[in-house]
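> Let me begin by handing over the structure; questions about it come next.
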């Protein structure tokens, strides 16, 4: 089982500052992952779930995820650029607020907004992973999360008229997979934090 690399020179370069900032706030990624898993499980378990109910649940998830991303961007202790976390947070908050403040908006428009949010979040996760690739092993977890988000968003845009039940399963599956990826990444970052203390 490989973990975050600790044999590299500590404190050298932008990626090092980013990985230390992420490791310091590993618990925020863990909370984001848990929120995604809970949302995914609710999507599967809720009997008679309607598309509007699902969209409202997704809006709540996006809002919570956005707030946690903003907190991670603000509380990151290192001088690393945390703009990508701030953008993900702002997009999540916007998606959540739009869902709740404009309930009369058609489900199709909300689905396109959710798809756009997933694509933007995925692209920013991939960018973050590329910036961290020299500092951590297994940055593929962040890349995988980004690719899954991008593919989910594209799939939503290509087939917005899919049946509500199929959409529930797709969104629920996406949320659970993303949640597991975020939890795994958070636990790897937690190990990095402990190795820094022991070093």
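The values are calculated or read from the model by the stated rules, or taken from the named source; none is laboratory data. None of the values given here were measured: they were computed from a predicted structure. So basically every Cβ, Gly included, is an ideal-geometry build from the backbone, and we count neighbours across all protein chains shown.
> Checking the condition part of a helix (DSSP H, G or I) and either at pLDDT below 80 or at positive phi (or both), which residue from 84, 27 passes?
84
> Could you check residue 144 against (1) modelled with pLDDT of 80 or more; (2) closer than 23 Å to residue 94 by Cβ and say which number it fails?
That leaves (2) as the condition not met.
> Okay, moving on. Considering the stretch 30-59 alone, what residues qualify as being surrounded by fewer than 16 Cβ atoms within 10 Å (Cβ to Cβ), more than 21 Å from residue 187 (Cβ to Cβ) and modelled with pLDDT of 80 or more?
Hits for the stretch 30-59 are 44, 45.
> Moving on to the next point. Restricting to the stretch 42-67, name every residue that is in contact with a helix residue (DSSP H, G or I) (Cβ under 7 Å, 6 or more places away or on another chain), farther than 20 Å from residue 101 by Cα and part of a helix (DSSP H, G or I).
Correct list: 42, 43, 44.
> Can you tell me which residue within the stretch 97-126, out of those that are assigned to a loop (DSSP other than H, G, I, E, B) and farther than 22 Å from residue 158 by Cα, is modelled with the highest pLDDT?
102
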